[in-house]
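Heads up, the thing below is written out as structure tokens.
The values are calculated or read from the model by the stated rules, or taken from the named source; none is laboratory data. Note that this is a predicted model, so its numbers are computed, not measured. We place every Cβ from the backbone using ideal geometry, glycine too, and count neighbours over all the protein chains shown.
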Amino acid sequence: MNPELVGRVFPPTAPYLVGREKVREFARAVFADAPQHSDPEAARALGYDDVVAPPTFAMVVQDLTLQQLLGEPGSGIELSRLVHAEQRFRYSRPIVAGDELVATLTVTGIRSLGGNAMITSDAEIMDATGAHVVTAISVLLAGEAGA
Amino acid sequence: MSALVVGEVVAERSVHLTREALVRYAGASGDFNPIHYRDDVAAAVGLPGVLAHGMLTMGIAVGTLAEALGDTGRIVEYGVRFTRPVVVDPEAGADLHVSAKVGAVDGETARVDLTVTHAETTVLGKAQVRVRLS
């Protein structure tokens, strides 16, 4: 793991357009059966324009930033040896179908831990108006390849 | 959830996970790490078996609260530590049990503590949801 990645701010991801069917698909996958996740009328009754994504849907957008990190030349991270240690989300508002979201990843820390690297990162997710939607904070443990 | 009382269990549920559920989550989330669907890869990296995605467990846990909250937009913060793996047997699957209890209430928000167990073991650490009171 390249320690010089600490402090690195990656370029913003390409805009991710949140689709209604994607929200429904994700809600079904996480057993989120509350009606606002699948029924636009139920979501409107709560004051939203369209179906509301379950809270952990932000990971779908954050994942685009983690792909940037994994794709970094010399990152030395192998997907099957990557362990998710901690996850946190701080919300300004929930993600709603129709949102166009852009995420910016900052690597906030890398620590060596007995052949593993502990990587902490923040992904700031903003909407098309530039307003903050959610910050996704991850702690990943990366086993060194062949270790 | 009008009057939150510290110590009160506000929601609870059990969810049965199968390998199909893991494949469904892989597709829905885009997380195609093979340790979540290939026994050979899980064994090669020293795992006791194919594991549920931590993010699937995290998602199931918070979903338990949705009905009690009415509007999931009341959630201002949600964090967990992935402390124990959830091994999903190809035939028997795995059962998760989630219990949501009010941990603290201050002027504007409440902290709801989620306890998630699999086979009598707690699998998430410090699983806490901060929600707006109104």
Among the helices (runs of 4 or more DSSP H) contained in the stretch A:8-107, which hold 1 or more residues that are at pLDDT below 95 and on the phi < 0 side of the Ramachandran plot? A:58-70
What is the residue count in the stretch B:44-55 for residues that are modelled with pLDDT of 95 or more and more than 18 Å from B:Ala92 (Cα to Cα)? 2
Is there any pair linking a residue in the stretch B:73-86 that is more than 15 Å from B:Asp113 (Cα to Cα) to one that is part of a strand (DSSP E or B) and basic (Lys, Arg), with Cβ under 9 Å and at least six apart or on different chains, and which? B:Gly73/B:Arg132; B:Arg74/B:Arg132; B:Thr83/B:Lys126
Which of (1) of a type outside the set (A, V, I, L, M, F, W, C); (2) more than 14 Å from chain B (Cβ to nearest Cβ); (3) farther than 22 Å from A:Pro11 by Cβ is the odd one out, the single condition A:Thr108 does not satisfy? (3)
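Conditions tested, residue by residue: (1) more than 23 Å from A:Ala42 (Cα to Cα); (2) part of a helix (DSSP H, G or I); (3) within 16 Å of the chain's Cα centre (by Cα); (4) touching a residue at least 12 places away in the same chain (Cβ under 8 Å).
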position	(1), (2), (3), (4)
B:Ala26	yes, yes, yes, yes
B:Phe32	yes, no, no, no
B:Ala43	yes, yes, no, no
B:Gly49	yes, no, no, yes
B:Thr57	yes, yes, yes, yes
B:Glu67	no, yes, yes, yes
Select from the stretch B:12-34 the residues that are over 15 Å from B:Met58 (Cα atoms), facing chain A (nearest Cβ under 8 Å) and modelled with pLDDT of 95 or more and list them in ascending order. B:Arg24, B:Gly27
Return yes when A:Phe31 is surrounded by 16 or more Cβ atoms within 10 Å (Cβ to Cβ), in contact with a strand residue (DSSP E or B) (Cβ under 9 Å, 6 or more places away or on another chain) and without any contact (Cβ under 8 Å) to a residue 12 or more places away in the chain and no when it is not. yes
Are any residues in the stretch B:107-124 over 13 Å from B:Ala61 (Cβ atoms) and either outside any strand (DSSP E or B) or touching a helix residue (DSSP H, G or I) at 6+ places or on another chain (Cβ under 7 Å) (or both), and if so, which ones? B:Gly107, B:Glu108, B:Ala119, B:Glu120
Count - residues of the stretch A:73-95 that are over 30 Å from B:Pro48 (Cβ atoms), of a type outside the set (Val, Ile, Thr) and surrounded by 15 or more Cβ atoms within 10 Å (Cβ to Cβ): 4
Scanning the stretch B:66-87 residue by residue, those more than 9 Å from chain A (Cβ to nearest Cβ) and surrounded by 24 or more Cβ atoms within 10 Å (Cβ to Cβ) turn out to be B:Val86
Among the numbered criteria (1) assigned to a strand (DSSP E or B); (2) under 30 Å from A:Asp49 (Cα atoms); (3) hydrophobic (A, V, I, L, M, F, W, C), which one does A:Leu141 miss? (2)
Confirm whether B:Thr18 is buried (at least 19 other Cβ atoms within 10 Å of the Cβ), of a type in the set (S, T, N, Q) and touching a residue at least 12 places away in the same chain (Cβ under 8 Å). no
Scanning for something buried (at least 23 other Cβ atoms within 10 Å of the Cβ) and under 22 Å from B:Val15 (Cα atoms), does the stretch A:96-114 turn up at least one residue? no
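Given the options B:Ala127, B:Ala100, B:Ala94, B:Ala104, name the one that is surrounded by fewer than 16 Cβ atoms within 10 Å (Cβ to Cβ) and not in a loop (DSSP other than H, G, I, E, B).
On inspection, the qualifying residue turns out to be B:Ala104.
One line per residue, one yes/no per condition, for (1) hydrophobic (A, V, I, L, M, F, W, C); (2) closer than 23 Å to A:Gln62 by Cβ:
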{"residue": "B:Leu17", "(1), (2)": "yes, yes"}
{"residue": "B:Val23", "(1), (2)": "yes, yes"}
{"residue": "B:His36", "(1), (2)": "no, yes"}
{"residue": "B:Met58", "(1), (2)": "yes, yes"}
{"residue": "B:Glu67", "(1), (2)": "no, no"}
{"residue": "B:Thr83", "(1), (2)": "no, yes"}
{"residue": "B:Pro90", "(1), (2)": "no, no"}
{"residue": "B:Asp106", "(1), (2)": "no, no"}
{"residue": "B:Val116", "(1), (2)": "yes, yes"}
